[in-house]
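To start, the structure under review is shown below, and the notes come after it.
Just so it is clear, none of the values below were taken in a lab; they were calculated from the coordinates. All values reported here derive from a predicted model rather than from experimental measurement. Methodologically, a virtual Cβ is constructed for each residue, glycine included, from the backbone with ideal geometry; neighbour enumeration extends over all protein chains shown.
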Amino acid sequence: MVTAILGAVGVALPVINVLRRESGSNMFYAAIALGALAAAISYVVSQVAMGTVAASQVLSGDVVADDLLGAFFAIAMLIVAVFTTVSSFAYMRERRYPAVYYSLILLSAVGMVMVAYANDLVVLFVAWELMSIPTYVLAGFNKRDPSSNEAAIKYFMFGALASALIVYAISLAYGLTGTTDIAGVVAGMAALDASLVPLALLAGALFVAGFGFKMGLVPFHMWLPDAYEGSPPPVTALLAAGTKKAGFAAAVRVVVIGMAALSVDWALALAIIAVMTMTVGNVAAVMQKSLSRMLAYSSIGHAGYILIGLAVAPYSATALPGSLLHVLNHAVMKGVAFVAIVGTVTALATAHIDRLRGLGRRMPITAVGITVSLLALAGVPPLNGFWSKLVLFGAAIDAGAAAPWAPWLAIAGVLNSALSLAYYGWVIRKMYFEDSGGERVREPRAIIAVVAFSVGFMVAFGVYPEPLIQLAQSAAPASLMP
Amino acid sequence: MTNELVDFTLVSVALLCVGIYGLAVKRNALRMLFAVEIVINAANLNLVAFARFVPDSGGQTLALFSIAVAAAEVAVGLALIIVAYRMYRDIDVAKFGTLRG
Amino acid sequence: MADPAFLALSVLTIVSAIAALELRSLVYGAIALMGTLGGIAGFFLLLDSPFVAMFQIAVYVGSIAVLILFTVMLVRRELIFTKVEDPRRRLAGVGLMLVAMASLGAIVVHSGISGITTEEPAVDFRAIGADFLVRYWPALILMGLVLSGAVTGAMVLARREDTEDDQRAS
Amino acid sequence: MSVIAPRFKFSEFVKAIIENAFWIIVVTTLVGLPLAMIVLFYVDLPVIDGALVTPFLALTWLSHPELALPLLKSFLTSDAFRILAFPGFGFAALVAAGTIFVERKMLAKLQLRVGPFYCGKIEGILQLAGDGLKLISKEIIIPAKADKPLFIVAPLLFVGAAAAFVALIPVAPGWVVADVDVGLLAVFAVIGFFPIITVLSAWSANSKFPFIGGIRALYQMVSFEIPLILSCLGVVLLTGTLNLTEIAQSQAVIPWIVLMPIGAIVFFICMLAELERIPFDLPEAESEIVAGWLTEFSGMMYGLVQLGSYVKLYAFSALFVVLFLGGWSGPAFWPPLEESLLESGQELGPIRLQLPGLPLFSQEFFSAVIWFVLKTAAVIFFVLLPRGVFPRIRIDMLLRIGWYKLIALAFVNIFVALGLVYAGVVGPGGIF
């Protein structure tokens, strides 16, 4: 249903463009795209609210599972897509081919949503490509900007390699179990002959590598800062908050659930990757001069936090809900941060931290948006980021009974959060306590809307997080417990 | 069928390694694209080989999808490379250096 | 034991894959890549999957190779023949490749899949069609979206902005 | 007395002949025969009439008509014959040669000229042989900056691809070189090679006109391949198979052109574009870019490319016949001959006319081939006709036709086919 709405509109937009025989009219296409996204999101939310969605059908035999896990990710990613579209109101004003731009955003959104819903490796792969290929184009959409093009080429090369590795991994999994159905793969992996286990491990490693490229896990993260910095900022929001989360959706379905059947120490491997990821991300973020590059590294760091949940998933019931919660929260937080960067780029043509001095006076609403999102990212108590981190670290400590290494994850996470608070605080200090003496700038209305919504979201769920935690708990598949 | 499954898998593994070598060493954008194609083909070979020995049609279906996806990917990649070539008059990735940090 | 056709094909495929990466001229590299793709199609024929084999040739040779050649030929002639790379990096790459090949090959050979042969009849390609329409129809729709997105995106990217304004004016 | 040509001496002439004969005898006995023996050792010789046929036995049999017939028969059913002669390349090349001559003569008549006139006295029917001899004897010139290996190989590849295309076309029931289950897909795979060969040869010549022509050919062929494939899908939908023989056999009642005229028209137009025929001959537009991608070819290389393109023309026309015109189906030409006529021959007064070993081919076969050739000739005629009538169109018009109109029409055709299937007109329980 969601696919139908978004896909039809996504294909229709360029056709309308050709039929209307004109360029410009950015608002027109943006409005159509926004309408489609709004319809899709309201459909998903109403389904969830009415309770017609099954709890978690990870192990069902259907090709596409209509379950809460998918719906949860779908909501997160559709919110991001809405952010991107709205912030593009301002960004695309003077640029060309708006119809294609919005149609690619819609197509990518379809891909992300279907990655979340996919319950079969074939559908997963095709949806993954549908999510990736439009974003390669979007990243290079500024054809006259060398950095946009460079970002796109880097992103494309690593993305193409990632999808090739995923096909290879799928081929191994298929060969070992004789089916592409995820449930069948899980069953097959559990009943694997001992001599085949090395191949199964190879498949798992390739899956982790393939998804890891998209998620920005540490050995596979080198493209990420360049791509995030070079791409047009609304697209960066989509990349950081959207496709990255889709990577986690795929990882939850395939790696965690599928490989849970392999009774080996994959969890420890994931934990090591998690610690490396968050440390590298946060340490590198300290040294950045550009706000978007800093946020890129910080999102590497957050990928590490989310990975904690995946790593301890077999040992703790709250681990996966924690991951899901942090996925949703991080989508909103990072989304609004990048949208605020869109604001500074359109108004001040920079995202450089030194040039943001006095932003609190020049663009007060944008500055509030950045501040609140940064605080939430750092996990300061009354905001939503605090709760998801709390759940995650709690799960890690909780898992200590079964896995002695798990509490160290929580400690690493807390240390990293403290580090991140330091450099976030530095940005906030630049914005509010230093003065550049510039005049107040008019802020784009679309960005004000996004900031208002998401600040509301972060504060509201920071004060009263129960519904979200409930939703995450019901969305997480429960069949995973040993 | 006189051939064993493991023969096909070995060829596929060899192609995978060649492709990854190409991606790691080459700095020419087109050659990196070649390398990606080689990796995808290695995976397709694996899929069809497994599908033949199971036997089942799922692997062939996925191979067909993957071939079509590769076509789409190459179209986008070549378009990006053409844009880069217009900008730098070069196709060497090492020379596209504007992002550092 | 493998038959001669298999051996010939595997030599062709792997050698031309290496040639595609190593030949000095990009045009010959592209031709060698076509050799690899054709070799893979030959493997598909050996595996009794003529449908996939023909699809592979039609798509890869008919569209991908054409696109690649077209791009190669757009590039300046000197660039086609220049090949810059760091020799140390390359040496490391070759070493890494050999190590990876050896270790992965060892894993494959020592795992349980060695020695499997099959006498069962191959799957009819009509089963693939049924698969497409009955089981994987969502993937088919998504595939359509992928292709349309890739085509529109690639067209927007590859369009030349400096000349099209003039054309529109005239 | 010229200095260049020395004076003819009869004794020298005889000496030369004897010397040559001496060396031929020596080389054959010492090298040729042992080599032949070694080769024969590895060749599986056929068994005919209970006798192992070695080349020597075959030579002796050939001098005796009664024994030669079974030999001939077994040769006619061999793979070599199929590939080289009848449904394969030889037949196609013959048709292609005929096409070239008919084209020149017909165009001349259309435009009130005489066309080839002198060669062979009667309406210039030996013109083609003359041209062939000329092309063979000419020097092959390779441009100094050309990429030599590619430049030399390209014409061969072109002919090879055309021959592979011919090999997939069934001419009569069971008479096809390669009877593959996915025949139509294989045809598309082969068609995909032509633009690549064209653009490679164009690039390798390292000259401007060939390159422009090659790029034009690339655009044209690639963009018309899509409607070409789509227009065939209707037939595939109705017949439910990709095997060309089965497709042809499915039209015993009614050819698909009656049910799907749109598809046939789209296919025909795409065929013209793929073959680079006027009005779509932009790749070799002689008034703009000399001869397009053929500019730098000379001598027999040019001849090979021409041969390849006319063989391709035959193959496309034959494919049209197979897909839309019912292949070889048609009423039999004459009633079947009596068995006794074949077995015991015909008494003609004092003598009895009889050939042993008949029949070589069945009656149905002859009927099928004649129908097939007639239909193909008709299609070829319609392919040739526009050259005398239409002007050449511009490249942007060509691409617009391909991308906007033909693809849309091809989809219309697919929906027509789907409608026919769902309405129950075709398929199990339907009328046809």
For peptide C:26-39, compute the average count of partner chain beta-carbon atoms within 10 Å of each residue's beta-carbon. 4
Most positive-pole-ward Cα, D:Ala410, A:Ser87, D:Ser63, against dipole of the protein assembly as shown from beta carbon charges: A:Ser87
Put in order of increasing Cβ neighbours within 10 Å, starting from the fewest, A:Ser46, A:Ser373, D:Ser367, A:Ser147 give A:Ser46, A:Ser147, D:Ser367, A:Ser373
Cα-projected label distance for A:Ile411 with D:Phe381, points at 7 Å along beta-carbon direction, nm: 9.4
Report, as a whole number in µm² per second, the diffusion coefficient that Stokes-Einstein gives for the range A:194-310 at 25 °C and 0.890 mPa s using the Kirkwood radius over alpha carbon pairs. 169
Using 1/(1 + (r/R0)^6) with R0 = 45 angstrom and r between the beta carbons of D:Phe366 and D:Ala408, what's the FRET efficiency to the nearest 0.05? 0.60
For chain D, what mean projected area does the convex hull of the alpha carbons give, in nm²? 31.3
Averaged over residues of A:141-150, the number of beta carbons from other chains lying within 10 Å of each residue's Cβ is 6
If you count, for every residue in D:199-208, the Cβ atoms of partner chains within 10 Å of its Cβ, what is the mean? 2
What is the Rg over Rh value, at two decimals, for the protein assembly as shown, using alpha-carbon atoms and the Kirkwood definition of Rh? 1.04
To check my understanding: the extent here is largest minus smallest coordinate of the Cα atoms along each principal axis. What are those three numbers for the range A:266-482, in Å, largest first? 60, 34, 22
For the range B:1-86, state the average projected area of the convex hull of the C-alpha atoms over all orientations, rounded to one decimal in nm². 5.9
What is the set of long-range amide H partners of A:His352 at a cut-off below 5 Å, with H atoms built 1.01 Å from backbone N? A:Leu291
Filter chain D for me: DSSP H helices, axial length by Cα at least 20 angstrom, mean Kyte-Doolittle hydropathy not below -1.0. List them by residue number. D:10-27, D:89-110, D:148-167, D:208-239, D:299-324, D:363-389, D:407-422
For the range C:55-61, Karplus-derived ³J(HN,Hα) couplings (6.51, -1.76, 1.60; θ = phi - 60°; whole Hz; x for glycine and proline) come out as 4, 4, 5, 4, 7, 5, 6
Counting only helical runs of four or more DSSP H residues, what would the 222 nm mean residue ellipticity of chain A come to if each run contributes -39,500 (n - 2.57) and the total is spread over all its residues? -24500 deg cm²/dmol
Using a cut-off of 22 Å between alpha-carbon atoms, which lysines can reach A:Lys245, once sequence neighbours fewer than 8 places away in the same chain are excluded? A:Lys154, A:Lys214, A:Lys334, A:Lys389
Would you mind checking which residues have amide H under 5 Å from C:Arg159's amide H? H placed 1.01 Å from N; only 5 or more apart, or other chain. none
Mark the label point 7 Å from the Cα of C:Ala5 along Cα→Cβ and return the residues of the range D:44-67 whose backbone N is within less than 20 Å of it. D:44
Correct semi-axes for chain A, from √(5λ) of the alpha-carbon gyration tensor and rounded to whole Å with the largest first, are 34, 26, 20
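On full extension of the chain, what length is gained from D:Glu246 through D:Val258, given 0.36 nm per residue of separation minus the C-alpha to C-alpha distance?
Between D:Glu246 and D:Val258, full extension yields 2.5 nm more.
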What order do you get for C:Leu147, A:Leu468 when you list them from fewest to most C-beta neighbours inside 10 Å? C:Leu147, A:Leu468
Listed by chain and number, the lysines with an alpha carbon less than 21 angstrom from that of D:Lys208, same-chain partners under 8 positions apart left out, are D:Lys145, D:Lys148
Residue among D:Ser207, D:Ser309, D:Ser11 with the largest mean-square fluctuation in a Gaussian network model of chain D, springs linking Cα atoms under 10 Å: D:Ser11
Most positive-pole-ward Cα, D:Val290, D:Val266, A:Gly111, against dipole of the protein assembly as shown from beta carbon charges: D:Val290
Excluding residues fewer than 8 positions from D:Lys121 in its own chain, the lysines with Cα under 27 Å of it are D:Lys105, D:Lys109, D:Lys134, D:Lys138
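Cut-off is 10 Å between beta-carbons; in what order do A:Thr180, C:Thr71, D:Thr54, D:Thr241 appear when sorted fewest neighbours first?
Ascending number of Cβ neighbours within 10 Å: D:Thr54, D:Thr241, C:Thr71, A:Thr180.
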Extended-chain gain in nm, criterion 0.36 nm per residue less alpha-carbon gap, D:Val389 and D:Ala332: 17.0 nm
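Over chain A, what relative contact order in percent results from Cα pairs under 8 Å that are six or more residues apart?
16
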